[in-house]
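The block underneath contains the structure these notes are about, expressed in C-alpha cells.
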C-alpha cells in the first residue's frame, strides 16, 4: 500500500479592514508624538526672551596702563596706582570720589598693579626718578602728580592718605 502524501493547508484570510485600522492608528500615534514635541519646543523657546536688547558699550578712559601715565592729553593730572591687596584701597577710592566731586578738581586716572599688562612696572623697590617710563618701578599704592608729561610729586604710605584727605576737603570743612 502506498502512502498518500497529503499536506494540510491552512487557510489564512487577511482582512484589509483590520490592516487599514492598524495603519491609521500608527499614523495617528506618530502624528500626536510629533505635534507634542513641536508644542513643547515651541513653548520652551517662547519662554526665552529671544529679543536681543542692545548693550550700550562704554569706553573706560579713567583706568589706564602704567606705561601710559605720562602720555595723557591733560597738562596736569593725578595718577593713582593702586594695589588691590592694600588694605587702604577703599579709603583711597572714597577720597578720590570726594575729590572728583569738587569743582576745581584736576583730572585723575587710575592704574591697577595687578593688571598683567602692568607687571613689568611691579618691583620690590619703587623708582620714581626716571628719564624713561620703562624705568618706573612701583611696589605699593602710590599717587603721582603729573605736570607737563613729568612726575612732579609722589605720595606713598601716610603721605598718600594725608594728601588725598587734604585735596578732597571741601571749603565747608
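Of all residues being touching a strand residue (DSSP E or B) at 6+ places or on another chain (Cβ under 8 Å) and surrounded by 14 or more Cβ atoms within 10 Å (Cβ to Cβ) in region 94-108, which is nearest to residue 138 (Cα to Cα)? Just the residue, please.
Ranking the candidates gives 108 first.
One line per residue, one yes/no per condition, for (1) touching a residue at least 24 places away in the same chain (Cβ under 8 Å); (2) outside any helix (DSSP H, G or I); (3) in contact with a helix residue (DSSP H, G or I) (Cβ under 7 Å, 6 or more places away or on another chain); (4) within 18 Å of residue 134 (Cα to Cα):
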residue	(1), (2), (3), (4)
87	no, yes, no, no
98	yes, no, yes, no
106	yes, yes, no, no
111	yes, yes, yes, yes
117	yes, no, no, yes
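Could you look through region 119-150, keep only residues that are without any contact (Cβ under 8 Å) to a residue 12 or more places away in the chain and assigned to a helix (DSSP H, G or I), and pick out the one that is farthest from the chain's Cα centre (by Cα)?
Among those that are without any contact (Cβ under 8 Å) to a residue 12 or more places away in the chain and assigned to a helix (DSSP H, G or I), it is 135.
With the condition kept exactly as written, say whether any residue in region 75-83 is over 17 Å from residue 63 (Cα atoms) and in contact with a strand residue (DSSP E or B) (Cβ under 8 Å, 6 or more places away or on another chain).
Yes, region 75-83 has at least one match.
Name the one entry in 44, 55 that is over 25 Å from residue 158 (Cβ atoms) and assigned to a loop (DSSP other than H, G, I, E, B).
On inspection, the qualifying residue turns out to be 55.
Give the residues of region 124-149 that are over 16 Å from residue 78 (Cα atoms) and exposed (fewer than 12 other Cβ atoms within 10 Å of the Cβ), sorted by residue number.
124, 125, 129, 131, 132, 134, 135, listed by residue number.
Could you please find all residues in region 64-85 being buried (at least 16 other Cβ atoms within 10 Å of the Cβ), closer than 20 Å to residue 162 by Cα and either modelled with pLDDT under 90 or in contact with a helix residue (DSSP H, G or I) (Cβ under 7 Å, 6 or more places away or on another chain) (or both)?
If the condition is that a residue be buried (at least 16 other Cβ atoms within 10 Å of the Cβ), closer than 20 Å to residue 162 by Cα and either modelled with pLDDT under 90 or in contact with a helix residue (DSSP H, G or I) (Cβ under 7 Å, 6 or more places away or on another chain) (or both), then 80, 81, 82, 83 are the ones that fit.
Only residues that are loosely packed, with under 13 Cβ neighbours inside 10 Å and modelled with pLDDT of 90 or more: list them for region 150-163, please.
Once the filter is applied, which keeps residues that are loosely packed, with under 13 Cβ neighbours inside 10 Å and modelled with pLDDT of 90 or more, region 150-163 yields 150, 152, 162.
Given the criteria without any contact (Cβ under 8 Å) to a residue 40 or more places away in the chain and either surrounded by 15 or more Cβ atoms within 10 Å (Cβ to Cβ) or outside any helix (DSSP H, G or I) (or both), does residue 166 qualify? Steps first, answer last, please.
Values: without any contact (Cβ under 8 Å) to a residue 40 or more places away in the chain: yes; either surrounded by 15 or more Cβ atoms within 10 Å (Cβ to Cβ) or outside any helix (DSSP H, G or I) (or both): no.
Here the answer is no, as residue 166 does not meet what is asked.
The values are calculated or read from the model by the stated rules, or taken from the named source; none is laboratory data. Only a predicted model underlies this, so the values are computations on that prediction, with no experimental measurement involved. Note that we place each Cβ from the backbone using ideal geometry, even for glycine, and neighbour counts take in every protein chain shown.
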